[in-house]
Amino acid sequence: MSIDRLVFVIAGTFILASVALTHYHNPNWMWLTVFVGANLLQAGFTRFCPLAMILKKFCGAKPGNAFD
């Protein structure tokens, strides 16, 4: 699986988990959703994604088209 797809899968998982935690536990978990969304937004403009760098360095995932 490429880094791009892994970033999208992990981000989607974090967003869904934070929405569930917001609903069932505490509304402050929504800040996790805000953080992930803001990170995806800035990555779309700057092509800088810390998660992509971590996946490339530690997991050896193959590069995709979005993140170098």
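Just so you know, all these numbers are worked out from the coordinates, no wet-lab data involved. Remember, predicted model here, so these are calculated numbers, not experimental data. Backbone-built Cβ (ideal geometry, glycine too); neighbour counts: all protein chains shown.
Some values worked out for this structure:
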quantity: Pairs, first at negative phi and free of Cβ contacts under 8 Å to residues at least 40 places away in the same chain in the range 24-49, second surrounded by 10 or more Cβ atoms within 10 Å (Cβ to Cβ) and not in a helix (DSSP H, G or I), C-beta under 6 Å, six or more apart; calculated: Ala43/Cys49
quantity: Selected residue (criterion: nearest to Gly60 (Cα to Cα)) from residues of the range 20-45 that are of a type outside the set (S, T, N, Q) and touching a Phe, Trp or Tyr at 6+ places or on another chain (Cβ under 8 Å); calculated: Ala43
quantity: The range 28-68, residues that are more than 13 Å from Ile3 (Cα to Cα) and surrounded by fewer than 16 Cβ atoms within 10 Å (Cβ to Cβ); calculated: Asn28, Met30, Trp31, Val34, Phe35, Gly37, Ala38, Leu41, Gln42, Gly44, Phe45, Thr46
quantity: Enumerated helices (runs of 4 or more DSSP H) restricted to the range 3-63, each holding at least 2 residues that are aromatic (Phe, Trp, Tyr) and out of contact with any helix residue (DSSP H, G or I) (no Cβ under 8 Å at 6 or more places or on another chain); calculated: 3-24, 30-46
quantity: Within the range 19-41, tally of residues that are over 13 Å from Ala52 (Cβ atoms) and under 12 Å from the mean Cα position of the chain (by Cα); calculated: 8
quantity: Those residues of the range 24-49 which are closer than 25 Å to Asn65 by Cβ and hydroxyl-bearing (Ser, Thr, Tyr), in sequence order; calculated: Thr46
